[in-house]
Amino acid sequence: MIGWLSGVVVARDAAQGVVVINVSGVGYEVRVSLQTLAEVGDLDELCTLWIYTYVREDQLLLYGFASPAEKRLFLLLNSVPKVGPKHALAALGGFPFAELVDHLRQGRHDQLQKIPGIGKKTAEQILLSLGDKVGDLITGEAIAVANVPRADGGSGLQDEARAVLVELGWRLKEVDAAIARVVAAGWKDADGALDDLVRRALAQLMER
């Protein structure tokens, strides 16, 4: 079973949602969401993806994800009856990771229906199946990212929160603005914790 792949990008097709990665001379064709595709480097650049292998009698497909949390959410979506990997990947590509999780937690079926291929009944089935299962995804991803040693050796909570939110799919400019608003409201590194800052910044991002 392939857990992850790391290699050089030799092809990328945005229309099909496919990238090909050269790993030790072998080209792996990997299907990715639009959000993950945005994280994949240009041709000849190094790329690392977490992998899910989909096996059926007549198919063997690889699905790739920018983070373990995105892979976990894909597996949850794929477990919903009548969703399948194609629609699960479409859902992941429809919104930044944190925003999609928020829609699932808040039961916003109208937002899910904006995703191609997901109608009212499917959106309602997704919410019914996953409403109580997605709450820990953001927190778990925050802990995983925060525990990765920083190259510059810094330890500022604002820098760590910035890394978490960017990893979750938000744009750096938006993240910086959200954190600045939280700090302007009185939040201080010395008084808070990483998960508190991430949650406050997420609340600001969700209000946009």
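Any read-out appearing in this document is the output of simple, stated calculations on the displayed coordinates, not a laboratory observation. All of these numbers come straight from a predicted model, not from anything done at the bench. When we count neighbours, we look across all protein chains shown, and the Cβ atoms used for this are built from the backbone with ideal geometry, even at glycine.
Only a single criterion out of (1) within 16 Å of PHE95 (Cα to Cα); (2) small (Gly, Ala, Ser); (3) without any contact (Cβ under 8 Å) to a residue 60 or more places away in the chain is not satisfied by SER67, namely (3).
Just one residue in the set VAL83, VAL30, VAL19, VAL10 is surrounded by fewer than 20 Cβ atoms within 10 Å (Cβ to Cβ) and free of Cβ contacts under 8 Å to residues at least 60 places away in the same chain; that residue is VAL10. Within the range 96-106, the set of residues being surrounded by 15 or more Cβ atoms within 10 Å (Cβ to Cβ) and free of Cβ contacts under 8 Å to residues at least 40 places away in the same chain comprises LEU100, VAL101, HIS103, LEU104, ARG105. Of the residues making up the range 35-62, those that are in contact with a helix residue (DSSP H, G or I) (Cβ under 8 Å, 6 or more places away or on another chain), under 23 Å from PRO96 (Cα atoms) and of a type in the set (Ser, Thr, Tyr) are THR36, TYR52. Between LEU61, LEU77, the distinction of being among the aliphatic types (A, V, I, L, M) and outside any helix (DSSP H, G or I) belongs to LEU61 only.
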